[in-house]
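Just below is one structure, and these are the notes that go with it.
The values are calculated or read from the model by the stated rules, or taken from the named source; none is laboratory data. These figures come from a predicted structure and were not determined experimentally. Cβ atoms come from the backbone with ideal geometry, glycine included; neighbour counts cover every protein chain shown. Please note that ligands, DNA and RNA were not included when accessible areas were found on the heavy atoms of the full protein model with its side chains. Shrake-Rupley method; radii C 1.70, N 1.55, O 1.52, S 1.80 Å.
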Amino acid sequence: MSSAPIYANTDAAADSGSAAAASSSASPAASASAAAAADGSAWAGLSQPSDTRAFCASWLTILCLQVPRVRGALVLLAEQDNSYTPAALWPDASRNLMHLGPAAQAALTQRRGVVQSGGEGTASLATHVAYPLEVDGKLQGAVVLDLTPRSDAEVQLALRLLHWGSAWLVDHFRQQLVQRERQMVARLSLATDTLATALQEERLGAACLAVVNDLAARLDCQRVALGFEHAGSIRVQAISHTATFDARTDFVRLLAEAMDEVWDLDLSVVHPPLSADGVPGLAHAALAASRQDSAVLSVPLRNDGVMVGVLTFERARDLPFGADDLALCEALGTLLGSVLELKRQQERSAWERITAAWRHGATSLFGPDHPGLKLVVALGVAVLLFLSLASGTHRVSAKTVVEGEVQRGVAAPFPGFVTESLVRPGDRVRTGQVLARLDDRDLKLEQLRWMAEAEQARRRYRLAAAGSDRAAMAVTSAQVDQAQAQLALTEERLARATLLAPFDGLVVQGDLSQQLGSPVEQGKLLFELAPLDAYRVILQVDERDIGHLQLGQRGELALSGLPYERLAFTVERITPISVPQDGRNHFRVEAKLDRADAGLRPGLEGIGKVEVGERRLIWIWTHPFVDWLRLSTWKWLG
């Protein structure tokens, strides 16, 4: 390391020691002896320092004894708030070294060695040499020397000694970093092992006892206890090396009071306190006094940030708890709280779970926290009161279909074939308009045949009359009548081969354009027509709401094709027969529109609402669920 250059300049050390004691009138031999004594004392402090400041003070003394003509020096170390404070000053702590601040600031800013001088030929001005202390890219501080004026070669020698000597401080900081990392690894290992101990037990009681026994052995504690919150106070759950205990004993009572103190403060409590401004735990002091003035530490058990219990540690008085112990135990409380609370909740009965949920909700609602929840509940209560007091019109909703008031079907008059189709569904037709034509060629041939038969019968009748044959006249007269009747029937069929519209209306059903030439049977429905000025509304009312409907009730209809218009109607008929649809029973209710809108078409669908009377708003919104609940209760009660 840098020990070689430090030992190399013993004459310079003697000169520096005499410079440090320039104010005394001692002889050179006495000064050299004092410098040697100071050097030996500094090396002893460097080999076995009590803390970092003592190490820095010893190191700074050795450095200043090695560098010639040093008037003053200081070591700055970084604090947690990124500020820098003096850790060591030379030759004594009472000297004011504020003038070294600019050099230290420059070294920390530039992260390199800095030399600040008054210039050549100015012997009265000093030279300031500063060097930063950096470990793994992080600034740990800086060293600044106040030197008497000297040549550039001597300044370079001082800077080199300062650079080499800083390796001692860097090594010290690295050792501290390694020590902290080892402590962190040890804490993590202890926490992991303790967590594994808690997880390997299925029951809460066994897990708590195993945890306190393990912690007592690992942390050199005389006793470790664990308690959970119950009804606003802490109840002791487990005590190390104690299978059973009586909660009425003085020790357990004092232990519970100490845990209650942590519960009330929601803070960790250490006795004796770590500092003068620490939390004065009165219950902990009483517990420690009852146990021969032992050291006590209690930390909260937390589950998701919420305190659920307390973990208490006891040690002998000569082995008090420190800051590292407090940090480790608080970490254990955070880790163990979630695991143990989960086991505790799993072992709760249904009533305990309901009570805990109710208590948690009441605490959130009436406690000082959760203002958002309070606002939501207040708004909910206000809305509930409004719905309970205000009234509104109750309306029964149902799917609705518009149908024509009268629908006429046009059927095939006789078996035949379709030769022509002139209309399709949706077309408007007038009275007498041709809808379709059937093939009439066979009928025309039959017409000619019967016409010929009638003519032959009349001729035979005339021959019989000429011969005065009355019997033949009667027979031929009947044959004439028969032929005339068949001819009239054939002509009627010919007339009906052309299908005509019976009234002005709209073709609702029937498309023969794709069936030209196909045969049709007699009586088959070919077209269905509905009038354009007479409609009726069909409501499909759910069986749960049919009891609210009566004849003469008013309502409104909104159709999918006319969503921006409301058509008024009146209920005219309620059929007593239900039809299954979509898994429920619906009743057919007929209503009549007050006016026939120009945009209406048969087959339009929408939603109709029938006004059945005034009801409370809360009843309107909740009666379906209440009715279902009543029916379900009746069903299960038998």
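Listing for the model above:
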quantity: Per residue value of the accessible surface for the chain (all protein chains in place, 1.4 Å probe), Å²; calculated: 57
quantity: Coordinate range along principal axes, alpha carbons of the range 301-435, Å, largest first; calculated: 120, 45, 30
quantity: Spatially near lysine pairs across the chain, Cα under 28 Å, sequence gap of 8 or more or different chains; calculated: 4
quantity: Dipole of the chain [Lys/Arg +1, Asp/Glu -1 at C-beta], most positive-end residue of Asn213, Val475, Leu422; calculated: Val475
quantity: Orientation-averaged projected area, Cα convex hull of the range 540-580 (nm²); calculated: 3.7
quantity: With every protein chain in place, the range 475-525: carbon and sulfur % of accessible area (1.4 Å); calculated: 48
quantity: Residue-level accessible surface for Arg253, protein heavy atoms, 1.4 Å, Å²; calculated: 100
quantity: Alpha-carbon radius of gyration plus Dmax, which is the widest Cα pair, for the range 426-546 in Å; calculated: 24.2, 87
quantity: Net length gained if the chain between Glu405 and Gln550 were fully extended (0.36 nm per residue, minus Cα distance); calculated: 50.1 nm
quantity: Modelled FRET efficiency - R0 60 Å, Gln292 with Leu629, Cβ distances, 0.05 increments; calculated: 0.35
quantity: For Arg223, residues with placed amide H under 5 Å, excluding near neighbours; calculated: Glu314
quantity: For the range 548-638, Kirkwood radius (reciprocal of mean inverse C-alpha pair distance, Å); calculated: 15.8
quantity: Average Cα contact separation per residue, the range 191-242, under 8 Å, 6 or more apart, as relative contact order %; calculated: 30
quantity: Computed FRET value (nearest 0.05) for Phe414 with Glu455, which takes r as the C-beta separation and R₀ as 35 Å; calculated: 0.90
quantity: Euclidean distance between Cα centres, the range 244-319 to the range 138-157, Å; calculated: 53
quantity: Per-pair calculated FRET efficiency, R0 = 41 Å: Val279 and Ala243 via Cβ, rounded to 0.05; calculated: 0.80
quantity: Mean-position separation - Cα centroids, the range 522-587 and the range 175-202, in angstrom; calculated: 77
quantity: Accessible-area order (highest first, 1.4 angstrom probe) of the listed residues Met473, Met451, Met98, Met307; calculated: Met98, Met451, Met473, Met307
quantity: Accessible-area value, His230, 1.4 Å probe, nucleic acids and ligands omitted, Å²; calculated: 90
quantity: Distance between modelled label sites at Thr570 and His163, nm, 7 Å Cα→Cβ extension; calculated: 11.1
quantity: Projected label distance in nm at Ser518 and Asp250, using a 7 Å step from Cα toward the beta-carbon; calculated: 10.8
quantity: Helical contribution to [θ] at 222 nm, DSSP H n ≥ 4, -39,500 (n - 2.57), averaged over the chain, rounded to 500; calculated: -15000 deg cm²/dmol
quantity: Volume per residue that the Cα convex hull of the range 107-220 spans, once the total is divided by residue count, Å³; calculated: 134
quantity: Gain on full stretching of the segment that runs from Asp81 to Ser94 - 0.36 nm per residue minus C-alpha separation; calculated: 2.2 nm
quantity: Scattering profile of the chain at q = 0.05, 0.09, 0.10, 0.12 Å⁻¹ [log10 I(q)/I(0), Debye over alpha-carbon scatterers]; calculated: -0.63, -0.98, -1.06, -1.18
quantity: Length added when fully stretched, Leu445-Ser349, from 0.36 nm per residue minus Cα-Cα; calculated: 24.9 nm
quantity: Test item: Cα-centred dipole of the range 127-207, Lys/Arg +1 and Asp/Glu -1 on Cβ, debye; calculated: 60
quantity: Heavy atoms of Ser94: accessible area, 1.4 Å probe, square angstrom to 10; calculated: 110
